[in-house]
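The values are calculated or read from the model by the stated rules, or taken from the named source; none is laboratory data. Everything numeric here is computed off the predicted structure, so don't read it as measured data. Every residue, glycine as well, gets a Cβ built from its backbone with ideal geometry; the counts of neighbours run over all protein chains shown. Note: accessible area is taken over every heavy atom of the protein model, side chains too, but ligands, DNA and RNA are not part of it. Shrake-Rupley method; radii C 1.70, N 1.55, O 1.52, S 1.80 Å.
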Amino acid sequence: MNISEVLSNKIESNQTVLTEFESKELLQEIGISIPSQRLTTSIDETISAAEEIGFPLVLKLIAEDIVHKSDTGAVKLNIKDKHELEAAYKDLMNLPSQKEKKISVQKMADEPITELIIGMTTDAQFGPALMFGIGGILVELLEDVSFRIAPITEYDAKEMIHEIKGFPILDGYRGKPKADIDAIVNVLLKVSDFVIKHEEINEMDLNPVFIYEKGLICVDARIILKKK
Ligand code: ADP
Ligand code: MG
């Protein structure tokens, strides 16, 4: 995949908000792990994708006008067999959308220690800014996040992780295993490198990233490009 070419084609066709599927394909390309995923448009394709990937699965409706998928019922978690798959497919295809509807068939990721949020926004003065936080109420209510202007060093990434108030959650809080901090550092550096290399990126949102004792996986992402 030639990433620059993919991005410039999107901008040329005025599709500056990449879908979850497209965004995660790009993340995979830069070495960030994502659940196996296939994009389908019929029940037959969905069934064969499910057979390839294996249960348990997640089905999501992918359409350009659906942004907050779970708010509109567009995410079906923990699908365990073909019967549940068919029911989920039907429900999703019945949701209202003015745009072309596709289904993302993806592997259901294991329960994490916690969910993380990693983001990038473009500051008018300083350019690309990276954001890190622990998902859920810590980000939504308490705004417990850290920021750095890109590019960042390994030292900056470690500081971003350690300076949030919720850090103990990553450090073996209440008998839970310690999260793989090196894996988070690695993703922050990859995102930093990616946005520095590709100035056409305006915003990125990896939300959530599931963190484990060993490794992590990004289960939802959105990349927004600058308009031409
Ligand atoms: P939204 O557009 O509403 O943010 P998400 O794709 O983030 O939708 O899905 C909602 C929630 O479902 C996520 O926050 C995560 O907890 C869970 N989820 C999504 N995809 C997966 C997956 N592949 N495996 C496990 N859980 C998932
Ligand atoms: Mg999400």
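Expressed as a whole percentage, what fraction of the accessible surface of region 1-66 belongs to carbon and sulfur atoms when a 1.4 Å probe is rolled over the protein heavy atoms?
Roughly 45 percent of what the probe reaches on region 1-66 is carbon or sulfur.
Determine the share of region 88-228's accessible area contributed by carbon and sulfur atoms, expressed in whole percent, with a 1.4 angstrom probe.
51 percent
At 1.4 Å probe size, put V67, V58 in order of accessible surface, largest to smallest.
V67, V58
Using the Cα centre of the chain as the reference point, and only Cβ charges (+1 on K/R, -1 on D/E), how large is the resulting charge dipole? Debye, rounded to the nearest 20.
180 debye
Straight distance only, please: which lysines reach the Cα of K101 with their own Cα at less than 28 Å, same-chain residues fewer than 8 apart left out?
K10, K24, K60, K69, K76, K80, K82, K90, K226, K227, K228
Based on the Cβ-Cβ distance from H162 to V67, what FRET efficiency comes out when R0 is 35 Å, to the nearest 0.05?
Here the calculated transfer efficiency is 0.65.
Please work out the C-alpha center-to-center distance from region 178-212 to region 49-127 and express it in whole Å.
Taking the Cα centre of region 49-127 as reference, the centre of region 178-212 is 20 Å away.
Taking a ≥ b ≥ c as the square roots of the eigenvalues of the Cα gyration tensor of region 67-129, is the shape rounded (a/c under 1.5), prolate (a/b larger than b/c) or oblate?
oblate
I'd like to check one number: the per residue accessible area of the chain, probe 1.4 Å, reported in Å² as a whole number.
Dividing the accessible area of the chain by its residue count gives 52 Å².
H68 accessible area, nearest 10 Å², 1.4 Å probe?
Accessible area of H68: about 120 Å².
As a test question: what accessible area, to the nearest 10 Å², does K10 have when a 1.4 Å probe is rolled over all protein chains in place?
40 Å²
If I model a spin label at N9 and Q98 as a point 7 Å from the Cα along the Cα→Cβ vector, what separation in nanometres do I get?
A separation of 2.6 nm, rounded to one decimal place.
Please identify which residues in region 165-192 have an amide N closer than 18 Å to a label point set 7 Å out from the Cα of E143, following the Cα→Cβ vector.
Label zone hits: 165-166.
Assuming 0.36 nm per residue, please report the length gained on full extension of the stretch K226 to K214 beyond their Cα-Cα distance.
Value of the extension gain: 0.8 nm.
Suppose every K and R has +1 on its Cβ and every D and E has -1 on its Cβ; what is the size of the dipole of region 37-107 about the Cα centre, in Debye to the nearest 20?
In total the dipole reaches around 160 debye.
If the chain between K197 and K82 were fully stretched, how many nm would it gain, using 0.36 nm times the residue separation less the Cα-Cα distance?
Length difference between fully extended and current span is 37.1 nm.
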